[in-house]
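What follows is a set of notes on a single structure, which appears directly below.
Bear in mind that the values in this text are calculations on the coordinates, not laboratory data. Treat the numbers as computed from the prediction; the structure is a model and nothing was measured. Heads up, the Cβs are rebuilt from the backbone with ideal geometry, glycines too, and the neighbour counts pull from every protein chain shown.
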Amino acid sequence: MNLQKYILRRTIEIIVTLFIIISLLFILFRLAPGDPTSMIIDPEMTPEDIEHFRDAFGLNDSLWVQYVKYIFNIFRGEFGNSFHYDEPVIGIIWDKLLNTILLFTTATLLAAFAGITWGKYIAWKRGTWLEATITFTGLLLHTIFLPWFALLAIWIFGFKLNWFPLNGMMTPEVWLNPDTGIFRKVLDIIHHMMLPLFVLFTVDFARSMLVMKSSMLDTLREDYIVTAKAKGLKDRIIRNKHAARNAMLPVVTSVSLSIAFSINGSAITETVFSWPGLGRELVFAVSNNDYPLAQASFLLISALVLVANLISDILYAYLDPRIKY
């Protein structure tokens with residue numbers, strides 16, 4: 001099977017999987033306890049007003065009718081209006097998604113680069129004090145409780161040292177001032193971003209570094225590495241061109257899935273730092289039974305994970321020519 005046929009087959013599988021996920025999301029949210037209107041309806045509304053509200057959102061239809069409308073609208077690219085905001089779900093997700101991508105993609109890519117660099121280096125230095133120290137530090141950071149680490153960083157760098165803002169994404173005084181230039185606004189976002197970026201980078205770096213080191217150690221035992229050493233090639237060439245490229249395969253999967261899952265896993269970090277991203281919005285949507293917003297968010301996460309798997313498989317073939325599809 002060539003690569004084009006493999007991509008076509010996987011694309012079909014992704015479409016089928018997404019259809020199953022769409023159906024499960026519809027069922028699970030309808031089985032969840034609570035009524036979405038209970039969080040929205042004004043106590044002073046009359047029963048007629050409440051019924052009109054439920055009719056407007058299709059909540060009085062049978063589950064089968066709601067499901068058919070739900071599937072039909074998704075295939076048209078329409079995800080409905082949020083119960084809480086009474087705005088199109090797509091617009092809400094897009095606004096929040098950009099903030100999440102800015103923070104988490106930056107942290108994941110920086111951590112992957114640093115983790116790969118240090119992972120291959122300490123694997124090459126196996127048995128030294130440097131390898132033992134960095135490995136122990138990586139294990140400590142990888143197992144650390146993220147919310148506690150985030151609160152500790154806020155307390156030290158935000159509260160005690162006052163180096164960074166405690167929460168949020170921007171300073172209102174800066175952005176509401178009409179005389180503030182775009183460069184000053186960008187610096188303000190970066191300033192707010194540094195503390196959560198530091199926390200995410202530290203944890204992601206530890207994971208990428210440990211995965212790369214483990215994979216690198218396995219690769220260094222391969223016959224072609226022994227042959228390269230016997231041929232008298234320089235250590236730098238053997239490490240970077242012969243061993244590291246093949247050792248990167250598990251790291252590619254880890255990084256691609258980390259980027260996809262960051263939208264879902266961002267809920268804790270965004271809540272702690274009050275970062276206005278999709279993760280925090282997802283928690284709010286689930287807590288308030290906002291079906292359209294929660295369903296669209298989970299569907300986006302599922303699609304990103306499936307696509308990330310496909311991209312990592314394609315990168316496998318590029319990094320290791322021995323892999324054929």
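FRET efficiency for the pair Leu187 and Asp95, taken as 1/(1 + (r/R0)^6) with r the Cβ-Cβ distance and R0 = 25 Å, rounds to 0.70. Backbone amide hydrogens, once placed in the peptide plane, bring Ser274 within less than 5 Å of Gly168, excluding anything fewer than 5 places away on its chain.
The length gained by stretching the chain between Asn73 and Ile311 to full extension, at 0.36 nm per residue less their Cα-Cα distance, is 82.9 nm.
Assuming a viscosity of 0.890 mPa s and a temperature of 25 °C, what translational diffusion coefficient in µm² per second does Stokes-Einstein assign to region 96-319, Rh being the Kirkwood radius over Cα pairs? Spell out each step's value before the answer.
Details: Rh = 19.5 Å.
D = 126 µm²/s.
Cα centroids of region 164-205 and region 71-85: 32 Å apart. Cα-based values for region 165-218, radius of gyration first and Dmax second, are 17.6, 58 Å.
Distance between the pseudo-spin-label points of Arg236 and Ile15 (7 Å out from Cα toward the beta carbon): 5.0 nm. Size descriptors for region 136-258, from the alpha-carbon set: Rg then Dmax equal 21.3, 67 Å.
Treating r as the C-beta distance of Tyr85 and Ala114 and R0 as 41 Å, the FRET efficiency rounds to 0.60. Evaluating 6.51 cos²θ - 1.76 cosθ + 1.60 at θ = phi - 60° for every residue in region 216-225, the Karplus couplings come out as 5, 4, 5, 5, 5, 8, 5, 5, 5, 6 Hz, glycine and proline recorded as x.
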